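Written below as structure tokens is the structure these notes are about.
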Amino acid sequence: MVKAINERFRQAFGAHVRCAGPLAASGAGLRVSGIDLCNPLRPVEVNVLLDALGQYRIVTLAGQRLDSFSVAHFERFANHWGAPLPHPSNFKRPALDRFMDNPELLPREERPSSRVNGAFPGELQCLPGADSPAVLVVANMHGLSDEEREAGPTLTRGTTWHTDIEHHPIPLHVSMFLVHKAPVSRDAPGGTWVRDPRSDSAPNAPYFEDADPELMGLRRALPLNGETSYADTAAAYAALPSAEQRRLGSIRVRRYSYATKETVPVPLVRTNPRSGIKSLHSPLSCPRPPRQLPVEVDGMSRAASRDFLDEIEAHVLQREFRYDHAHSPGDVTLWDLFTTIHVAPPIKENIQSLDDARLFYRISCKGEPALTLPRRDPPEWVEEHIFLGYTTPREVIEV
């Protein structure tokens, strides 16, 4: 399979392009080298990329030159995959359920990019374009107070397994990282970047406190070197008996939207329109509490829904469907949100060394792909489905 996609990439982009994959035992993951995303993409090139993501679920376009590749180039690239969605973290939000009523961008000095730029002055600055509303700056650094500096680095336990903003009427389709800095320190016991937080006696939160211990073990088995962990929900679906696939194909789930205060039944099993591959779309009962209410299965009580979805989650999080993706500066990594779930790993914060720095830029997209730019989404669709009716400015498309 990789031989065929490698040939398609070489025909579209040139003989210098190389593909390596699959990167995971499940069949997910493709690493492509030799593509310079400073150059605008031609329709034939976009088509190959779309097919690659449909087949491999996670695709890395390696080796972007950070001395010339900007976040503006990154946002232009993202427009081919869907309409970029402004991230809520870039806005003032006195309460999440009021976000859509009165959105207002954070002042420049309060934005994540300013916190990053103040952490290591003269040594590390965000790339140009990082203040776009559509860009989430994912970083573990900020200017430290005297108390924080004296206390030293702290350790987060990682996030919950999730799919990005899956509760909208039109869910997000693709998320992507541009990697600026990845941690290189390996000073924890066992030679990893961070120690394993599973040895802590911390509570299950933000998961339910009475969660099944075996399921919690699967949830908390996270990488320790700053990787992003993925689970391949397409491979997990394909591994089920045919009768179980048919049963799950009839299931619809209700995801609560804190913006609309409504739930709408949507299918648990999705089919990729390009590849025909079926997958379990975000089969999680409570991905990010308390911000979102527990997911319910149509026709089931909340308790029965949780038991049902926890059983599916335990299946999806088995080792054979897992992939821990190692990040390298200059990588652009995309993942299909309908065929994967993912989680941020345990991370050092309040860091005092660049060797501990983890700095990514993330963009998420929804809607149909576009072979040519600028996109031509109907204004009424943008107004209804994109925060603030945002569209990428023309100067970014023409960067």
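What number goes with the only condition from (1) without any contact (Cβ under 8 Å) to a residue 40 or more places away in the chain; (2) touching a helix residue (DSSP H, G or I) at 6+ places or on another chain (Cβ under 8 Å); (3) not acidic (D, E) that R376 does not pass?
Among (1) without any contact (Cβ under 8 Å) to a residue 40 or more places away in the chain; (2) touching a helix residue (DSSP H, G or I) at 6+ places or on another chain (Cβ under 8 Å); (3) not acidic (D, E), R376 violates only (2).
In the range 338-356, how many residues are surrounded by fewer than 24 Cβ atoms within 10 Å (Cβ to Cβ), of a type in the set (A, V, I, L, M) and within 21 Å of H281 (Cα to Cα)?
Count: 2.
Quick check, is L61 without any contact (Cβ under 8 Å) to a residue 60 or more places away in the chain and either surrounded by 21 or more Cβ atoms within 10 Å (Cβ to Cβ) or part of a loop (DSSP other than H, G, I, E, B) (or both)? It would help to see each step written out before you state the result.
Values: without any contact (Cβ under 8 Å) to a residue 60 or more places away in the chain: no; either surrounded by 21 or more Cβ atoms within 10 Å (Cβ to Cβ) or part of a loop (DSSP other than H, G, I, E, B) (or both): yes.
Considered against the rule, which asks whether it is without any contact (Cβ under 8 Å) to a residue 60 or more places away in the chain and either surrounded by 21 or more Cβ atoms within 10 Å (Cβ to Cβ) or part of a loop (DSSP other than H, G, I, E, B) (or both), L61 comes out as no.
Answer yes if at least one residue in the range 50-57 is at pLDDT 95 or above, closer than 30 Å to Y256 by Cβ and touching a Phe, Trp or Tyr at 6+ places or on another chain (Cβ under 6 Å), and no otherwise.
Narrowing the range 50-57 to residues at pLDDT 95 or above: 50-57.
Okay, now just the ones that are also closer than 30 Å to Y256 by Cβ, so 53-54, 57.
Filter once more, keeping what is touching a Phe, Trp or Tyr at 6+ places or on another chain (Cβ under 6 Å): none.
No, the range 50-57 has no match at all.
Can you confirm whether the range 258-267 contains a residue that is loosely packed, with under 15 Cβ neighbours inside 10 Å, at pLDDT below 95 and among the charged types (D, E, K, R)?
Yes.
Being in contact (Cβ under 8 Å) with a residue 12 or more places away in the chain, closer than 18 Å to V174 by Cβ and among the small types (G, A, S): is that true of S257 here? Walk me through it before giving the result.
Working: in contact (Cβ under 8 Å) with a residue 12 or more places away in the chain: yes; closer than 18 Å to V174 by Cβ: no; among the small types (G, A, S): yes.
Judged against the criteria, S257 is not a match.
Since A139 meets every condition but one in (1) at pLDDT 95 or above; (2) surrounded by fewer than 20 Cβ atoms within 10 Å (Cβ to Cβ); (3) of a type outside the set (D, E, K, R), which condition does it not meet?
Of everything listed in (1) at pLDDT 95 or above; (2) surrounded by fewer than 20 Cβ atoms within 10 Å (Cβ to Cβ); (3) of a type outside the set (D, E, K, R), A139 misses just condition (2).
Farther than 18 Å from A344 by Cα and in contact (Cβ under 8 Å) with a residue 24 or more places away in the chain: is that true of L284 in this structure? Step through it out loud before you land on a result.
Working: farther than 18 Å from A344 by Cα: no; in contact (Cβ under 8 Å) with a residue 24 or more places away in the chain: yes.
Criteria not met by L284.
Across the range 350-368, what is the number of residues that are under 30 Å from N47 (Cα atoms), of a type in the set (A, V, I, L, M, F, W, C) and out of contact with any Cys (no Cβ under 8 Å at 6 or more places or on another chain)? If you could, list the steps in order and put the result at the bottom.
First, pick out the residues of the range 350-368 that are under 30 Å from N47 (Cα atoms): 359-368.
Remaining after also requiring of a type in the set (A, V, I, L, M, F, W, C): 359-360, 363, 365.
Filter once more, keeping what is out of contact with any Cys (no Cβ under 8 Å at 6 or more places or on another chain): 360, 363, 365.
The qualifying residues number 3.
Of all residues in the range 243-285, which are under 18 Å from E311 (Cβ atoms) and among the polar types (S, T, N, Q)?
Of everything in the range 243-285, those that are under 18 Å from E311 (Cβ atoms) and among the polar types (S, T, N, Q) turn out to be Q245, S250, S279, S282, S285.
Filtering the range 1-33 down to residues that are in a loop (DSSP other than H, G, I, E, B) and in contact with a helix residue (DSSP H, G or I) (Cβ under 7 Å, 6 or more places away or on another chain), which residue is surrounded by the fewest Cβ atoms within 10 Å (Cβ to Cβ)?
Within the range 1-33, the subset in a loop (DSSP other than H, G, I, E, B) is 1, 14-17, 21-29.
Now restrict to residues that are in contact with a helix residue (DSSP H, G or I) (Cβ under 7 Å, 6 or more places away or on another chain): 17, 21-22, 25-29.
On the way: V17: 18, G21: 21, P22: 20, A25: 14, S26: 24, G27: 19, A28: 28, G29: 22.
My answer is A25.
Against the conditions (1) of a type in the set (K, R); (2) surrounded by fewer than 21 Cβ atoms within 10 Å (Cβ to Cβ); (3) over 30 Å from H281 (Cβ atoms); (4) touching a residue at least 60 places away in the same chain (Cβ under 8 Å), where does K181 fall short? Just the number, please.
Unmet condition: (2).
Given the residues A303, A370, which is the only one that is closer than 28 Å to S70 by Cα and of a type in the set (G, A, S)?
Values: A303 fails: closer than 28 Å to S70 by Cα.
That would be A370, the only listed residue that is closer than 28 Å to S70 by Cα and of a type in the set (G, A, S).
Give the range 269-324 a look and list any residue that's of a type in the set (S, T, N, Q), crowded, with 20+ Cβ neighbours inside 10 Å and within 21 Å of A24 (Cα to Cα), or say none.
Scanning the range 269-324 gives S279, S282.
Can you name every one of the helices (runs of 4 or more DSSP H) wholly within the range 152-253 that holds 3 or more residues which are modelled with pLDDT of 95 or more and of a type in the set (D, E)? Working first, answer last.
Working: elements: 213-220, 233-238, 242-249.
Qualifying helices (runs of 4 or more DSSP H): none found.
The values are calculated or read from the model by the stated rules, or taken from the named source; none is laboratory data. Note that the coordinates shown come from a computational prediction; the quantities given were computed from them, not determined experimentally. Quick reminder, even Gly has a Cβ in these numbers, built from the backbone with ideal geometry, and neighbours come from all protein chains shown.
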